[in-house]
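The values are calculated or read from the model by the stated rules, or taken from the named source; none is laboratory data. Remember, it's a predicted structure, so these values are computed and weren't measured experimentally. Using ideal geometry, Cβ is built from the backbone for each residue, glycine included, and neighbour counts are taken over all protein chains shown. To get the accessible areas, we keep the full protein, side chains included, count just its heavy atoms, and leave off ligands, DNA and RNA. Shrake-Rupley method; radii C 1.70, N 1.55, O 1.52, S 1.80 Å.
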Amino acid sequence: MTTLATTIGGKTFDNCMMNAAGVRCQNKKDLDALVQSNAGAYVTKSATPQERAGNPSPRMHTLLKASINSMGLPNNGLDYYLDYVIRDQQKRPDSTNFLSVAGTSLEDNLAMLHQIQDSEYTGFVELNLSCPNVPGKPQVGYDFDRVHAVLEHVFDFYTKPLGVKLPPYFDLVHFDQIAAILNQYPLTFVNSINSIGNALVVDPRSEQVVIRPKGGFGGIGGAIVKPTALANVRGLALRLKPEIKIIGTGGIINGVDVFEHILCGASMVQIGTQFGYEGPALFDRLAKELTEIMAEKGYSSIEDFRGKLKTFDD
Ligand code: SIN
């Protein structure tokens, strides 16, 4: 019997696949569809303290194997998502889900986390330190001193399960440095990666950029980011203490991609761009494809191969 179940922070999820914050999770209808789907959990669109319209359109563009976006955190505000997750928790007390927050300042993040700490919500929080799309606000995840300071302040008072969503890193020294900081805190999980920030897609016919915000600069997602995502999952898996579980995000379009993320060390995976294309039925297809791969290889649970990637030095 093959199971796709996974455990993070002592909570078990029937399926190790879920949506990534940002895609089809902004309103109640989207979230209800995720609840009804075969996803193991849902994460809400990253919230700011107040509702935000986000950046001007066009702010997302899709290509065959990629997407570029500069959404700029359009969302309905923390109260909306906190209300949703609390109601859902009351209806389904055995289910654990993820509430994403992305303040554009330390003060906003701390204020939101205080509100969550004081609420009856007991689920996971994903603190997004990696949105590349708010003009004038650099990604916190690239400023290691800042990450340290944020976590120092957060864990001064926050006692519920919390993880951070990180940008991709591109140097092994940076993996060492970020892991050394993260390992100092009681994080439940780390989610890697957010989009590859500040890329540029050009339309040669119109000789123009394809999205309006930030002069066309935006975050890249989709199939082409998979090698970067796998490197980050693997790089962190080799460095983080085992209590911090890894959520692998980036470049997943089929069951093989999920398999590879888990092989690199992910306990759960999130899907953004492809979930945008396919909607909730994606989770049925991916579950079927991963189950088939595992059955062929004789694996009955993801723990049979999680983090067991071989190198030429093994
Ligand atoms: C956005 O709303 O701009 C995307 C969110 C993110 O990349 O964290």
Q) What FRET efficiency, computed as 1/(1 + (r/R0)^6) with R0 = 25 Å and r the Cβ-Cβ distance, is obtained for Asn27 and Asn198, rounded to the nearest 0.05? A) 0.35
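Let me check I have the definition right: for the chain, take the eigenvalues of the Cα gyration tensor, multiply each by 5, take square roots. What are those semi-axes in whole Å, largest first? Don't skip to the answer; put the middle values down first.
Details: eigenvalues 134, 113, 88 Å².
The answer is 26, 24, 21 Å, longest axis first.
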Q: For Asn254 and Lys65, calculate 0.36 nm times their separation in residues minus their Cα-Cα distance, and state this gained length in nm to one decimal.
A: 66.8 nm
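How large is the translational diffusion coefficient of the range 213-254 in µm² per second when you combine the Kirkwood radius over alpha carbon pairs with Stokes-Einstein at 4 °C and 1.567 mPa s?
On the way: Rh = 11.9 Å.
Taking Rh from Cα pairs, D becomes 109 µm²/s.
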Q: Give the calculated FRET efficiency between Ser119 and Lys91 to the nearest 0.05, with a Förster radius of 22 Å applied to their Cβ-Cβ distance.
A: 0.85
Q | Convex hull projection area averaged over all views, the range 1-129, Cα basis, nm² | A | 9.5
Q. When we measure straight from the Cα of Lys297, which lysines land under 30 angstrom away, once same-chain ones fewer than 8 places off are left out?
A. Lys11, Lys65, Lys226, Lys241, Lys245, Lys288, Lys308, Lys310
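Hey, any idea what % of the range 267-314's accessible area is carbon plus sulfur with a 1.4 Å probe?
On the way: 1330 of 2590 Å².
The C+S portion of the solvent-accessible surface of the range 267-314 is 52 percent.
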(Q) With the crude spin-label approximation of a point 7 Å out along Cα→Cβ, what separation in nm comes out for Ala5 versus Gln177? (A) 4.2
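Run the helix sum for the chain: -39,500 (n - 2.57) per DSSP H stretch of 4+ residues, divided by residue count, reported at 222 nm to the nearest 500 deg cm²/dmol. Intermediate values should be presented prior to the final figure.
Working: 9 runs with 101 residues, N = 314.
Only helices count here, giving -10000 deg cm²/dmol.
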**Q.** Longest DSSP-loop-exposure-free segment, GluC sites (Glu not before Pro), the chain, at most 10 other Cβ within 10 Å
**A.** 1-119
Q: State, to one decimal in nm, how far the label point of Arg205 lies from the label point of Leu106, with both points 7 Å from Cα in the Cβ direction.
A: 4.9
Q. Which whole-Hz ³J(HN,Hα) couplings does the range 6-23 yield from phi under the Karplus relation 6.51 cos²θ - 1.76 cosθ + 1.60, θ = phi - 60°, glycine and proline marked x?
A. 8, 10, 9, x, x, 9, 9, 10, 5, 10, 7, 10, 8, 6, 9, 4, x, 10
